[in-house]
Amino acid sequence: MKISTRYADGKLCISLQGELDHHSARQAMSGIAEAIDATLPRQVLLDMSKLSFMDSSGIAVILKADRRLKENGGRLFIDCPKSQPLKVIEAAGVDRVVDIICKREVTT
């Protein structure tokens, strides 16, 4: 799992690359929390266009990040998840809690 961030004008983009599973979920949540705490953004875009796989551990990561942002008046968005992570997100109903910006398949 590779995590990269970019911050500008109160907006934080967090890009996830690789697989988000029970082995990498703790690392992902730690990286996301650190980025949020360092920038205190109003909006976070969770870029999932390079995330090849996600299991239910990824759902917990998304929901924890969403809760952390809402506690501080912020908002989380999911950007361009590939088809497999999108199926997990939709099956869990996360798309009813966190807005998905784009639902198209992104090629790498």
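The values are calculated or read from the model by the stated rules, or taken from the named source; none is laboratory data. Here the structure is a predicted model, which is why all the values come from computation and not from measurement. Cβ atoms come from the backbone with ideal geometry, glycine included; neighbour counts cover every protein chain shown. In case anyone asks, the SASA skips ligands and DNA or RNA and just uses the protein heavy atoms, side chains included. Shrake-Rupley method; radii C 1.70, N 1.55, O 1.52, S 1.80 Å.
Of these, MET29, MET54, which one is modelled with pLDDT of 95 or more, in contact with a Lys or Arg (Cβ under 7 Å, 6 or more places away or on another chain) and not acidic (Asp, Glu)? Let's see the steps before the verdict.
Numbers: MET54 fails: in contact with a Lys or Arg (Cβ under 7 Å, 6 or more places away or on another chain).
Exactly one of MET29, MET54 is modelled with pLDDT of 95 or more, in contact with a Lys or Arg (Cβ under 7 Å, 6 or more places away or on another chain) and not acidic (Asp, Glu), namely MET29.
Going through the stretch 83-107 one residue at a time, which ones are at pLDDT below 95 and in contact with a Ser or Thr (Cβ under 8 Å, 6 or more places away or on another chain)?
GLU105, VAL106
Residue by residue, here is whether (1) acidic (Asp, Glu); (2) under 11 Å from the mean Cα position of the chain (by Cα); (3) farther than 14 Å from ILE100 by Cβ holds:
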{"position": "LYS11", "(1), (2), (3)": "no, no, yes"}
{"position": "ARG26", "(1), (2), (3)": "no, no, yes"}
{"position": "ASP37", "(1), (2), (3)": "yes, no, yes"}
{"position": "LYS50", "(1), (2), (3)": "no, no, yes"}
{"position": "ASP55", "(1), (2), (3)": "yes, no, yes"}
{"position": "ILE59", "(1), (2), (3)": "no, yes, no"}
{"position": "LYS64", "(1), (2), (3)": "no, yes, yes"}
{"position": "ARG67", "(1), (2), (3)": "no, no, yes"}
{"position": "GLN84", "(1), (2), (3)": "no, no, yes"}
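So, in the stretch 14-45, how many residues would count as being closer than 16 Å to GLN84 by Cα and assigned to a strand (DSSP E or B)?
5
I need a count of the residues in the stretch 53-81 that are farther than 10 Å from LEU20 by Cβ, assigned to a loop (DSSP other than H, G, I, E, B) and open to solvent by 30 Å² or more (accessible area, probe 1.4 Å).
Number of matching residues: 2.
State whether one or more residues within the stretch 89-99 are of a type outside the set (Asp, Glu), surrounded by fewer than 20 Cβ atoms within 10 Å (Cβ to Cβ) and under 17 Å from ARG6 (Cα atoms).
Residues of the stretch 89-99 of a type outside the set (Asp, Glu): 89, 91-94, 96-98.
Those still in the list that are surrounded by fewer than 20 Cβ atoms within 10 Å (Cβ to Cβ) too: 91-94, 96-98.
Add one more test, that the residue is under 17 Å from ARG6 (Cα atoms), and what stays is none.
So far as the stretch 89-99 goes, no, none of its residues is of a type outside the set (Asp, Glu), surrounded by fewer than 20 Cβ atoms within 10 Å (Cβ to Cβ) and under 17 Å from ARG6 (Cα atoms).
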